[in-house]
Structure formats: structure tokens, C-alpha cells
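Asks: This is the structure I want to talk about, given as C-alpha cells.
Taken together, the values in this text are just the output of simple stated rules run on the coordinates, not laboratory data. Treat the numbers as computed from the prediction; the structure is a model and nothing was measured. Positions of Cβ are backbone-derived with ideal geometry, glycine not excepted, and every protein chain shown enters the neighbour counts.
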Amino acid sequence: MRYPEGGGLTAERRAFREGIRLLAGEQFAAGEKTAVIAKDLRVSVRSVERWRRAWREGGLGALRSAGPANSPTVTDAQFAELEEELARGPAAHGFDDQRWILLRVQTVIRRRLWVTLSVATVWRLLKRHGWSWQAPARRALERDEHAVELWKKEVWPRVKA
């Protein structure tokens, strides 16, 4: 397992395991017993039983690797399209203010790319492509800096006293 790199098996290891399952499939066809196959291939009896069940239902094709379990759900081309959509801004997608939050990005992905991702997956996708979170500076558009300074100098000292 390659946990530091996000988990899963390397392509070589996946191919190796698939080879073992295919060898077991050949032995199933030859009529070998489960315990003999397990001992021969140095795997558990339970695994061989599971493989035999799959082999009975789908033949050798059922023993083939299904590929990496954690393949990217959004391709680079789709992410480029997503970045264009995000550059248009939240208002262009019908949101009230100009803040991108993960839930809104998730909605855009679902509407434009037809891919359903969890909020955590959206965050990992953005992070993997170099995006970072930003805490917005919450300043009212109507804020009058001159009036605020005047209040600090004249009113606040009286209130504080």
C-alpha cells in the first residue's frame, strides 16, 4: 500500500494480484480444490472462495482488475472547464454574493460537468489543482471610513468613560 501518496496499489502491484487471480481461475477450470489453490498461490482460503464465486458467475473476466479504486472523477479537460466557470464568478451562476464556497463549487460541478462529488472531494480536487481557501474580509460596501474614524475619536472616549 502507498499510504503517503494517497493510498491504493501501484499499477505493477495491481497487475501482480490480477495475475494471481487469473492463475486461480485456470486452476478452477482444472477442478482443483480450494485449499490446494490457496496453498499453491500462498493466499487465504477465504480469498480463493471469493474468487471461485466470482469465476462461477462471470468467468475469467470477473477475476480481472477493475482498475484503480481511486481514479480521478474529474479529468484535466473538465477541470479547465470548471476553472472557466469559476472565473465567471458566483453571480453568473445565480448566487447572491461574490463568495465561492465549497457547496457552490459542488453545485457548479454537478450542473456543468454532470459529476456528483462530496464537499470533501471538491476540496481535495481544488487543493490538488493549486487552489487555496481564503477568508473574506467582511467589510460592508456602505462603510464610511471617515465616519468610523470620527466616531472612534469623539464618541468612543465618552462611551468608554
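Asks: For W114, state whether it is in contact with a Gly (Cβ under 7 Å, 6 or more places away or on another chain) and of a type in the set (A, V, I, L, M, F, W, C).
Replies: Spelling it out, it is not the case that W114 is in contact with a Gly (Cβ under 7 Å, 6 or more places away or on another chain) and of a type in the set (A, V, I, L, M, F, W, C).
Asks: Being under 36 Å from the mean Cα position of the chain (by Cα) and small (G, A, S) is the filter here, so list the residues in the stretch 11-37 that pass it.
Replies: A11, A15, G19, A24, G25
Asks: Among the residues of the stretch 129-150, are any in a helix (DSSP H, G or I) and of a type in the set (S, T, N, Q)?
Replies: Scanning the stretch 129-150, I find no residue that is in a helix (DSSP H, G or I) and of a type in the set (S, T, N, Q), so the answer is no.
Asks: Give the stretch 113-161 a look and list any residue that's closer than 30 Å to A87 by Cβ and of a type in the set (F, W, Y), or say none.
Replies: Residues satisfying the conditions are W114, W123, W131, W133.
Asks: Would a scan of the stretch 124-132 turn up a residue that is among the basic types (K, R) and either in contact (Cβ under 8 Å) with a residue 24 or more places away in the chain or within 30 Å of E32 (Cβ to Cβ) (or both)?
Replies: no
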